[in-house]
Structure formats: structure tokens, C-alpha cells
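The structure appears right after this line, and notes come after that.
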Amino acid sequence: MKIIGLPALVGSYDNYIWVLYQNQQAWVVDPGESEQVLAFLQQQGLQLQGVLITHFHHDHVSGIGALKDAFPQAKVYGPELTPDPLIEVRLKESDRITLTDDFALNVLFTPGHTEDHISYYNDDALFCGDTLFSAGCGRKFTGTFAHFTDSILKLRALPDNLNFYSAHEYTQSNLKFAYLVEPGNAALRQRILNTRILYPEPLEGPQSTLGEEKATNPFLRFDQPAIKAQLLQRGALDTAESLFKTLREWKDDLDQSGALDQMDLQESVK
């Protein structure tokens, strides 16, 4: 199975639409737009078989209608809690979608960013929408921090080798926060020095691996001693939910103030 990330909503949300394709068949994850997807399918001579949705936000679903118009036979899969009438197959935890004889995806219920969010994974790949980002995580909108924490722990329990595909390209900003939180993390420092983001070029391959995220993403490391100590100082209780909530709200405050925009990451690490 080949996987490519097509940039979408560039400059506003900086999404990736992931296209999975093999033997002239294709599947699309979270199409917030349709034009670039239709152009890619035509260029490659692909027939769309299915659309996979992680949650209800418009930047993940706005392209469904045009894709269905062009490929009426394509099935739209999405969370059982998503109130979108275009979803034809409703999915819940532990469901499984077979794309080809040798490629299927399991469903994880990963609410928190929203109350309906699901992720898709198998032995090779993880598509986690807005629950977890490269070096970061999504903001809490209509979910709860209790659910969000459980979702992060679910994803952290998956194997390290999984190729990592999230729905946005926020890596540089996320790495700034990660370094602010954990400057002594040698794996993080190396990741920062090695990271070159070419967005909005298409991405032929994963953003990272889950193992790299576990080693460098503070939202998967909120209970590690160096991070936990800072969060307790910021008023967190010694519970997973409170630690994660305090970390996410710290990032929210910095995003609102624009403080991370002023940070020269490469110079900081040198």
C-alpha cells in the first residue's frame, strides 16, 4: 500500500489529506478539500473505493460531497457519533475495515479533541487525525480532558514501529513547545536538528514513527519525571488527567500569546 499526504487548506489549517492506493484502487482519510484529491486520482488512474473520517470538523469532511459525486461507489466510513449524513458506515471501537486482502485497519475510539473522534491503525500505520500530531496533540474542543487523557494513553500503548500520520503539519511549532518543556531530552534535540519540513509539498511517507513520538512528543511524555515536576509546579495534581490537562493548557496559553512564534528553534538547540 502506497501512502501520500496531499496538502489542504494551506495557510489556514495546514491539513494533510492521506491517500492510500494500490492496484488502481484508492482510499482517502479526512478530505477537507476535494480538488487536489480528484486531480491526484486522475493523474494516477485511480478509482476511489472509500473515504475514512476521524471526526466531524469541517476541515476533515468538506471534500466528501465532491468525492462522492465523482465516485458514487465509494463508501464513506466514520465515527458512530459523528452527525454527518454522508457517512454510510458507522464505526466504533474494535471495528475493522478491510481495504485489500493484505491491508485492513482497526478502529480506536480516541475522543478528547472532539467527542466523536476515532483513529485507524494496523501493524504498519496509525492515522490519528487531530488526537495526536507530529511532536504535539490537538486542542480540546468538544471532548473532555478525561477522555483525551485516556485516548493519549491508548495511542501510547500501540507498538513503536507504527508509521505515524496525523491530519495537520504543525511540527515546527510543536517542536518549539517540546523543547521548552524538555530541553534536556537528547532524542528531541536530535530530532529538531534533523527536521526539515517541506510543506506544502506532498509528503510521500509518514511524518514520523510512533516510537519517535514517544521519545520526543511531550504529550506522550507528560508523566515522565522531568516534565511531571514542571507540571506539578504549575499546579497539576499527581493524576494522569491533571498532568495532561496542565500541559495542554500551557501550550494553549503560549499559542494565544504568540510566544512560540518568536522562538528560534535551531539557534536554541545549538
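Read-outs throughout are calculated quantities, based only on the coordinates presented, and are distinct from any laboratory measurement. Please read these numbers as outputs of a predicted model, since none were measured by experiment. No Cβ is skipped: glycine too gets one built from the backbone with ideal geometry, and neighbour counts run over all protein chains shown.
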(message) Give me the Å³ per residue figure for the convex hull around the C-alpha atoms of the stretch 104-207.
(response) 117
(request) Assign one of three labels to the stretch 222-270, namely rounded, prolate or oblate, based on the Cα gyration tensor with a ≥ b ≥ c the square roots of its eigenvalues; rounded applies when a/c is under 1.5, prolate when it is not and a/b is larger than b/c, and oblate otherwise. (result) oblate
(request) Taking the Cα centre of the chain as origin, work out the dipole magnitude from +1 charges on Lys and Arg Cβ and -1 charges on Asp and Glu Cβ, in debye rounded to 20. (result) 540
(request) Take the Cβ-Cβ distance between Ala70 and Asp255 as r, set R0 to 41 Å, and report the resulting FRET efficiency rounded to the nearest 0.05. (result) 0.65
(message) Considering only C-alpha atoms, what is the centroid distance from the stretch 123-167 to the stretch 28-78, in Å?
(response) 22
(request) Quick one: compute a quarter of the convex hull surface over the Cα atoms of the chain and quote it in nm². (result) 13.6
(message) Under 10 Å, Cα contacts only: if you run a Gaussian network model on the chain, which one of Gln230, Gln256, Gln22 comes out with the highest mean-square fluctuation?
(response) Gln256
(request) Calculate the dipole size of the stretch 9-133 relative to its Cα centre from +1 charges on Lys and Arg beta carbons and -1 charges on Asp and Glu beta carbons; express the result in debye to the nearest 20. (result) 260
(request) Determine the principal axes of the Cα atoms in the stretch 60-107, then give the extent along each, sorted from largest to smallest and rounded to whole angstroms. (result) 28, 26, 16
(message) Please return the longest range in the chain lying between exposed loop sites, taking GluC sites (Glu not before Pro), DSSP loop only, at most 15 other beta-carbon atoms within 10 Å, and leaving the sites out.
(response) 94-203
(request) Would you mind calculating the relative contact order of the chain from Cα pairs under 8 angstrom and at least 6 residues apart, reporting the percent as a whole number? (result) 15
(message) Please list, by residue number, everything in the stretch 167-194 whose backbone N is under 14 Å from a paramagnetic label point 7 Å out along Cα→Cβ of Gln224.
(response) 175-192
(request) Any aspartates and glutamates with Cα under 17 Å of the Lys176 Cα? List them, leaving off those in the same chain fewer than 8 positions away. (result) Glu212, Glu213, Glu249, Asp252, Asp253, Asp255, Asp261, Asp264, Glu267
(request) Answer with one residue from Ala240, Val269, Ser257: the one whose Cα lies farthest towards the positive end of the charge dipole of the stretch 216-270, charges on Cβ with Lys, Arg +1 and Asp, Glu -1. (result) Ala240
(request) Would you look at the GNM of the chain, springs on alpha carbons closer than 10 Å, and say which of Asp69, Asp101, Asp84 moves the most? (result) Asp101
(request) Could I have the simple spin-label model distance between Thr98 and Met1, label points 7 Å from Cα toward Cβ, reported in nm to one decimal? (result) 1.4
(request) Compute the Cα gyration tensor for the stretch 188-258, then decide on rounded, prolate or oblate, letting a ≥ b ≥ c be the square roots of its eigenvalues: rounded whenever a/c is under 1.5, prolate when a/b is larger than b/c in the other cases, and oblate in all that remain. (result) prolate
